[in-house]
Amino acid sequence: MLLHLGDVVKMRKPHPCGSDLWVITRVGADIKIKCQGCGRVVMLERPDFEKRLKKIVSSPAGEEQGADG
């Protein structure tokens, strides 16, 4: 799965604060995400993150590629 810094993702279950949107702040063997509702930061192992991910809502990297072509 191709992930980029700044991607906004929707997770399968909402955070206790009520938000289910997160922004990716670190990509590697572990994925660090920040809740858009309350600002909580969580680090997950990549397989666990991919299992919990519902969809990628927006991607700054995708917008850059679209502007070039």
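The values are calculated or read from the model by the stated rules, or taken from the named source; none is laboratory data. Computed from a prediction, not measured in an experiment: that's the story for all the values here. All Cβ positions, glycine included, derive from the backbone under ideal geometry; neighbour counts span all protein chains shown. Only protein heavy atoms, including side chains, enter the accessible area calculation; ligands, DNA and RNA are left aside. Shrake-Rupley method; radii C 1.70, N 1.55, O 1.52, S 1.80 Å.
Things to note:
- The range 1-20, subset modelled with pLDDT under 95 and out of contact with any helix residue (DSSP H, G or I) (no Cβ under 9 Å at 6 or more places or on another chain), residue most open to solvent (accessible area, probe 1.4 Å): PRO16
- Residue count for the range 22-45 satisfying the condition of being open to solvent by less than 60 Å² (accessible area, probe 1.4 Å) and either over 15 Å from PRO60 (Cβ atoms) or in a strand (DSSP E or B) (or both): 12.
- Of the listed requirements (1) at pLDDT 90 or above; (2) open to solvent by 60 Å² or more (accessible area, probe 1.4 Å), GLY69 misses just one: (1).
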